[in-house]
Structure formats: structure tokens, C-alpha cells
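Read the structure below first, then the notes.
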Amino acid sequence: MIYVLLEYESPEEDEPRLVYAQLDDSRREVRRAEFYPNGLCFACGGEYGREEALSPVPYPEDLRSLSRPGEVAARAIPASVFQTVWGQAQERPDGLFGMFA
């Protein structure tokens with residue numbers, strides 16, 4: 001498994017500030033947690049289901065190709081960091097998808 005963090009510099013209110021993704025060996029999302037500037041967060045994949053919300057496009061081998069100075073920074077993160085964030089996202093009942101449950 002590969003774990004990725006995308007940090008957006010100045011997202012719109014309806015766009016995530018932080019995106020944490022767990023990728024499989026094909027570099028496709030298995031789980032994702034998004035944190036928004038207004039405090040909302042949501043997670044999809046894994047025990048949360050909603051796999052249709054995961055990106056069907058594989059991430060590139062070189063994550064730096066996703067980075068754009070002043071806009072977004074992409075990097076690999078340790079599994080332990082992703083697991084901690086995933087646990088926090090699940091603990092938050094105000095997640096976006098929870099609003100529609």
C-alpha cells in the first residue's frame with residue numbers, strides 16, 4: 001500500500017484543504033479522507049463504503065508531478081500517519097456524507 005497527502009494552499013470553501021489517500025498496488029484509491037477549511041471532513045472507501053466517490057484514475061508514480069507551486073503539494077506519507085488521520089475522520093460525525101445519511 002502507498003499513502004499520499006495532498007495539501008491545497010488556498011482551496012475554495014467547498015474544496016478540501018487536505019486529502020489523505022491510501023492507494024493499492026495499482027496506485028488506485030482504496031480509502032480517502034478529506035478535510036475542509038470550514039471544519040467538515042469525510043471519508044470514503046474501506047468500512048465507510050461509497051467506493052464510487054474514490055478516484056478511478058491511478059495516481060502517477062512520481063507524486064511530485066501532482067504538485068503545483070502555490071496551489072497544491074503532494075507527497076508520500078507513512079502508513080501510521082494515514083491510520084491516525086483515518087481514525088480521526090471516522091470519529092467526526094459532521095462528515096459531508098453523514099449529512100446525507
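Of the residues Ser55, Ser65, Ser10, ranked by 1.4 Å probe accessible area with the largest first, the sequence reads Ser10, Ser65, Ser55.
Using the Cβ-Cβ distance between Ala73 and Asn38 with R0 set to 22 Å, the FRET efficiency works out to roughly 0.60. Under the simplified labelling scheme, the Gln83-Ala53 pair shows an inter-label distance of 2.4 nm, with each label point 7 Å from Cα along Cα→Cβ. A simple rule links phi to the HN-Hα coupling: the Karplus curve 6.51 cos²θ - 1.76 cosθ + 1.60 with θ = phi - 60°, which for segment 14-19 gives 9, 10, x, 8, 10, 10 Hz, with x for Gly and Pro. Under a model in which nothing but the beta-carbon of Lys, Arg (+1) and Asp, Glu (-1) is charged, segment 26-67 shows a dipole of about 60 debye around its Cα centre. Compactness of the chain was expressed as the Cα radius of gyration divided by 2.2 N^0.38 Å, which yields 1.02.
The values are calculated or read from the model by the stated rules, or taken from the named source; none is laboratory data. Since this is a predicted model, take the numbers as computed values, not measurements. Neighbour counts are summed over all protein chains in view; Cβ atoms, including those assigned to glycine, are modelled from backbone coordinates with ideal geometry. The area values use the complete protein model at the heavy-atom level, side chains included, leaving out ligands, DNA and RNA. Shrake-Rupley method; radii C 1.70, N 1.55, O 1.52, S 1.80 Å.
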